[in-house]
Structure formats: structure tokens, C-alpha cells
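Enquirer: One structure follows; several queries about it will come next.
The values are calculated or read from the model by the stated rules, or taken from the named source; none is laboratory data. Just so it is clear, the structure is predicted and the values come from calculations on it, not from any experiment. Ideal geometry is used to build each Cβ from the backbone, glycine not excepted, and the neighbour counts take in all protein chains shown. The area values use the complete protein model at the heavy-atom level, side chains included, leaving out ligands, DNA and RNA. Shrake-Rupley method; radii C 1.70, N 1.55, O 1.52, S 1.80 Å.
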Amino acid sequence: MGTFVAIIGGSGAGKTTVANKIIERFSDRSLCLNMDSYYRDLEPGVDPRNVNFDAPAAFDFDLFLSHLVDLKNGKPIEVPTYSFVTYRRDTSKTIHVDPKELTIVEGILVIYKKEIRKLFDLAIYVDEDADERLIRRIERDTKERGRSIESIIFQYRRFVAPAFRSFIEPQKYDCDIILPRGGENHIGLSIIKEALERMLQKS
């Protein structure tokens, strides 16, 4: 069965950093799944500027759930490869993932669905100041996704900020731990790692 940990937070909150720091501790005993791999393909002719990628409708929750259940049952999965340039999956390649003792799943809406929330043994909400999240998003999207600052800010105002308030932040109240300052919160992270170590020993 293994231990399942959800890491949730707004775009740019530092979820990936927190996940990586946990993976460093547990290395070969753990795996990390990114919910971004489960975006739906953008329909042909649809302008991505008119799509809310932070809303639940943007994700393939059926595939996401089935993959989590497979891992929970000790079965390997083939994770989609999603492109943030074409806004579609690359059907020619998937990533093979074998089950591990510790499964970390990070993303903006990991526990949004009740039936998915029930699969997790621990849920962590990474809490970060809105200004810092926006700055990180600008840095990431200009460097990694080739977007203009104007387009990032337009998308943030139109979709990201409202979706954060409506869908992402409310998950905080279903989490077991709220981690302010993400990867910079060394004391909080050390407590989480020790708790996970005990959970793994019990399982």
C-alpha cells in the first residue's frame, strides 16, 4: 500500500521545492508525481489565453485517480508527458513509474476531489505570500515557457488569482499541516520528514 503524501498550494508557492527536499531524505524509497502531467489536451483551435489552467476542468481527474489507485495497489503506471508549449500530451512517450514505499503527489488541486483526498495519509499545504508566488510564476514562465510578462500578468489577473481563491486555497482546510515559507521553513520540513519516517516504519 505504501504511504501517500499530498503537497498542495498555489502556483509558485514552492510545492516542488518541498517535494524535492522530502525526496532527498527518502531517495530510492520514494517517488514524486506532479499533477501537471494530468492536464487535459487543449482542443484544436482553442486559444490558450482563454483557458483557465488553474480550474478543476483543466485536469483529467479520472486518469489521475486511476493512476493513484494503481500505485496504491502496487501496480506500475505510465504517466503522460504534457507540453506547456503545445498544451497537449506527447502521445509518443510516457514515463514509467513503479510503486514505492512513499508516494509524494504535488500540484494545485491534488485533494480537490473527495474520492482522491481519501487516498492520502498526509496532506501538506504550502503557504506563501501572494506577491512572492506571482514573482516566481513570472520567473518560471518567462524562462521555461517563453511567455511575455504582459501575458503572464493578464492570465494571473483573469484566471490565476480568482481560481486560487475559489478552488486552491479552500483545500487548506482539508490539510493536516500548513507549511509557511515552503522550502525555506527548515524546522517545519524537519518535523514533516521525521513524521514520515515514523509513518513508514509503522506501515
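Enquirer: Out of curiosity, is Ile111 in contact with an Asp or Glu (Cβ under 6 Å, 6 or more places away or on another chain), without any contact (Cβ under 8 Å) to a residue 40 or more places away in the chain and open to solvent by less than 60 Å² (accessible area, probe 1.4 Å)? Spell out how you get there, then give the answer.
Expert: Numbers: in contact with an Asp or Glu (Cβ under 6 Å, 6 or more places away or on another chain): yes; without any contact (Cβ under 8 Å) to a residue 40 or more places away in the chain: no; open to solvent by less than 60 Å² (accessible area, probe 1.4 Å): yes.
Against the criterion (in contact with an Asp or Glu (Cβ under 6 Å, 6 or more places away or on another chain), without any contact (Cβ under 8 Å) to a residue 40 or more places away in the chain and open to solvent by less than 60 Å² (accessible area, probe 1.4 Å)), Ile111 does not qualify.
Enquirer: Scan the range 1-29 for residues that are within 19 Å of Lys72 (Cα to Cα) and either open to solvent by 10 Å² or more (accessible area, probe 1.4 Å) or in contact with a Ser or Thr (Cβ under 6 Å, 6 or more places away or on another chain) (or both) and jot them down.
Expert: Across the range 1-29, the qualifying residues are Met1, Gly2, Thr3, Phe4, Ile23, Ser27, Asp28, Arg29.
Enquirer: Could you check the range 163-202 and list, in sequence order, the residues that are open to solvent by less than 100 Å² (accessible area, probe 1.4 Å) and over 18 Å from the mean Cα position of the chain (by Cα)? Even if it seems obvious, please write down each step before you answer.
Expert: First, pick out the residues of the range 163-202 that are open to solvent by less than 100 Å² (accessible area, probe 1.4 Å): 163-164, 166-172, 174-175, 177-180, 182-183, 185, 188-190, 192-197, 199-200.
Asn185, Gly188, Ser190, Lys193, Glu194, Ala195, Leu196, Glu197, Met199, Leu200, listed by residue number.
Enquirer: Next question, about the same structure. Is at least one residue of the range 135-152 part of a helix (DSSP H, G or I), more than 30 Å from Asn73 (Cβ to Cβ), touching a residue at least 40 places away in the same chain (Cβ under 8 Å) and touching a helix residue (DSSP H, G or I) at 6+ places or on another chain (Cβ under 8 Å)?
Expert: So the first thing to find is which residues in the range 135-152 are part of a helix (DSSP H, G or I), and the list is 135-144, 149-152.
Okay, now just the ones that are also more than 30 Å from Asn73 (Cβ to Cβ), so 135-144, 149-152.
Filter once more, keeping what is touching a residue at least 40 places away in the same chain (Cβ under 8 Å): 135-137, 140, 144, 151.
When the remaining residues are screened for being touching a helix residue (DSSP H, G or I) at 6+ places or on another chain (Cβ under 8 Å), the result is 137, 151.
Yes, the range 135-152 contains at least one residue that is part of a helix (DSSP H, G or I), more than 30 Å from Asn73 (Cβ to Cβ), touching a residue at least 40 places away in the same chain (Cβ under 8 Å) and touching a helix residue (DSSP H, G or I) at 6+ places or on another chain (Cβ under 8 Å).
Enquirer: Restrict the check to the range 29-45 and report whether at least one residue is in contact (Cβ under 8 Å) with a residue 40 or more places away in the chain, part of a helix (DSSP H, G or I) and of a type in the set (A, V, I, L, M). Give the derivation first.
Expert: Of the residues in the range 29-45, the ones in contact (Cβ under 8 Å) with a residue 40 or more places away in the chain are 29-39, 41-42.
From what's left, part of a helix (DSSP H, G or I): 29, 35-38.
Now narrow it down to the ones that are of a type in the set (A, V, I, L, M): 35.
Looking for residues that are in contact (Cβ under 8 Å) with a residue 40 or more places away in the chain, part of a helix (DSSP H, G or I) and of a type in the set (A, V, I, L, M), one finds at least one in the range 29-45, hence yes.
Enquirer: Could you say which residue among Val69, Val85 is closer than 25 Å to Ala161 by Cα and either in a loop (DSSP other than H, G, I, E, B) or open to solvent by 50 Å² or more (accessible area, probe 1.4 Å) (or both)? Write out each step before concluding.
Expert: Details: Val69 fails: closer than 25 Å to Ala161 by Cα.
On inspection, the qualifying residue turns out to be Val85.
Enquirer: What number of residues within the range 73-102 are touching a residue at least 40 places away in the same chain (Cβ under 8 Å), in contact with a helix residue (DSSP H, G or I) (Cβ under 6 Å, 6 or more places away or on another chain) and of a type in the set (A, V, I, L, M)?
Expert: Adding up the residues that qualify gives 2.
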